[in-house]
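The values are calculated or read from the model by the stated rules, or taken from the named source; none is laboratory data. Since the structure is predicted, the reported quantities are computational estimates derived from the model, not experimental observations. For neighbour counting, all protein chains shown are included, and Cβ atoms are generated from backbone atoms with ideal geometry for every residue, glycine included.
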Amino acid sequence: MTHSPDGPQPPQGRRPRFRARRWIIAVASVATLGLVAWPVLDHFDIPPFTDKGDPISFARGQSHGDPGKVNADTLMPTGPERTFTIDDTVDDGTKIARTTLRGKKSGFTGDVWVWAPDQYLHDKKYARSGFPVMIALPGGPGYPTNYWKQTKRKLQSSIAKWSKEGKSLPFILVMPVLNPDEKRYYDGSDIPGQAKMGTWLTEDVPDLVKQNFRTLKSRDGWAFMGSSSGGFASLKSVLKYPDRFKAVIASGPDIVPDSPLWAGHEKEKQENNPEKLAQKLIDRKGPDVYLAFQVGTKEPVKRLKDIRKFQARYEKGPVHTSLRVIEGGKHSARSYVPSLGQGPLQYISEHMQGPTPSP
């Protein structure tokens, strides 16, 4: 046996066999490590273990054939198709995607996140049907992100579960930024001299959805939801445009506009006041809207009082309401999301239109 600086060497005939064995062990070890580490690396968005940032199309599998075969109440994507990139993955494998939209009508540019349920993507019996849309607005700054797009909030996974249990329609979720900056609230409105956030939320964002998804032609397929200031903007949007949107879930909302940017614009402020808008809707006798409120017992008492006061004054004629009081609930998405499946989602779903299966 010869010697070298690296120590004794195996006989010449055995070397390939030892090398092969070491190679097999190394490959097996890496494979095992990969299987264990993949979820961790994916969680931290470490390439190539994540698809975050990859392009995604929601047009795949859509029925672009004979228009006569599409359900009469369905609006097929009008185009042009938008470029979306994957932002996160829900437990069932569905994707939350992001795009940056420059609103043609508002002139405002901001990010929008979207999510389509499994029924929309993979269930062939709904391939020719439009789906209901829910625009979900956050509280807080609402910029530069929308916290409803975070999978830890469990909004998407909860709707996926409840829609299969019959507690909710299988909504397409749309999650735009609420404000144009982090410093001030704009009440989801077109305040004179400011970014037109009302037009952004009620026209530009819905237009984006219609361009890229199978939706429903009727307002029966359109709703808002939101918490805190996003709850106010959601409530106000449905009451101001009942011809476009039929229902809302408002969690711990403000009831009247309170942005300091309204100073000097009292007329426009009252035109965006849910109390005034509700009365206007009552006076003209419709169309019917369905307002689902929820509030926690650990929130400021004034919120619950304001909601009950609104119900007492305006729940008549075309204005229909429900209220869920969350025992021990706080002014937080952690309280609001589980409660959605205990009444509010079912309430609005019963008054909205869902997808229609093909014969």
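Since Tyr290 meets every condition but one in (1) on the phi > 0 side of the Ramachandran plot; (2) crowded, with 18+ Cβ neighbours inside 10 Å, which condition does it not meet?
(1)
Scan Ala223, Ala233, Ala263, Ala250 and give me the residue that is farther than 24 Å from Thr99 by Cα, in contact with a strand residue (DSSP E or B) (Cβ under 8 Å, 6 or more places away or on another chain) and either assigned by TED's automatic domain parsing to the domain that holds Ala333 or modelled with pLDDT of 95 or more (or both). Lay out the reasoning, then the answer.
Details: Ala223 fails: farther than 24 Å from Thr99 by Cα; Ala233 fails: farther than 24 Å from Thr99 by Cα; Ala263 fails: in contact with a strand residue (DSSP E or B) (Cβ under 8 Å, 6 or more places away or on another chain).
Among Ala223, Ala233, Ala263, Ala250, only Ala250 is farther than 24 Å from Thr99 by Cα, in contact with a strand residue (DSSP E or B) (Cβ under 8 Å, 6 or more places away or on another chain) and either assigned by TED's automatic domain parsing to the domain that holds Ala333 or modelled with pLDDT of 95 or more (or both).
Would you be able to tell me the number of residues in segment 311-334 that are surrounded by fewer than 16 Cβ atoms within 10 Å (Cβ to Cβ), within 22 Å of the chain's Cα centre (by Cα) and either among the hydroxyl-bearing types (Ser, Thr, Tyr) or part of a helix (DSSP H, G or I) (or both)?
Of the residues in segment 311-334, 1 are surrounded by fewer than 16 Cβ atoms within 10 Å (Cβ to Cβ), within 22 Å of the chain's Cα centre (by Cα) and either among the hydroxyl-bearing types (Ser, Thr, Tyr) or part of a helix (DSSP H, G or I) (or both).
Quick check on this structure: which one of Lys309, Lys240, Lys269 is farther than 25 Å from Tyr143 by Cα and out of contact with any Asp or Glu (no Cβ under 7 Å at 6 or more places or on another chain)? Steps first, please.
Working: Lys240 fails: farther than 25 Å from Tyr143 by Cα; Lys269 fails: farther than 25 Å from Tyr143 by Cα.
Only one candidate passes the filter, namely Lys309.
In the set Arg98, Arg82, which member is part of a loop (DSSP other than H, G, I, E, B) and either closer than 28 Å to Pro359 by Cβ or in the same structural domain as Pro274 (by TED's automatic domain parsing) (or both)? I'd like the intermediate steps shown before the answer.
Numbers: Arg98 fails: part of a loop (DSSP other than H, G, I, E, B).
Being part of a loop (DSSP other than H, G, I, E, B) and either closer than 28 Å to Pro359 by Cβ or in the same structural domain as Pro274 (by TED's automatic domain parsing) (or both) holds for just one of Arg98, Arg82, which is Arg82.
Take the conditions at pLDDT 95 or above and assigned to a loop (DSSP other than H, G, I, E, B) and apply them to Lys105. Does it pass?
Numbers: at pLDDT 95 or above: yes; assigned to a loop (DSSP other than H, G, I, E, B): yes.
When the stated conditions are applied, Lys105 passes them.
If we only count helices (runs of 4 or more DSSP H) wholly inside segment 204-275, which ones have 3 or more residues that are surrounded by fewer than 22 Cβ atoms within 10 Å (Cβ to Cβ)? Show your work before the answer.
Details: elements: 205-212, 229-240, 266-270.
The qualifying helices (runs of 4 or more DSSP H) are 205-212, 266-270.
With respect to Ile307, is the statement that it is surrounded by 14 or more Cβ atoms within 10 Å (Cβ to Cβ), in the same structural domain as Leu201 (by TED's automatic domain parsing), out of contact with any Cys (no Cβ under 9 Å at 6 or more places or on another chain) and not in a helix (DSSP H, G or I) true? Talk me through it step by step, then tell me what you get.
Values: surrounded by 14 or more Cβ atoms within 10 Å (Cβ to Cβ): yes; in the same structural domain as Leu201 (by TED's automatic domain parsing): yes; out of contact with any Cys (no Cβ under 9 Å at 6 or more places or on another chain): yes; not in a helix (DSSP H, G or I): no.
So Ile307 does not fit the description; no.
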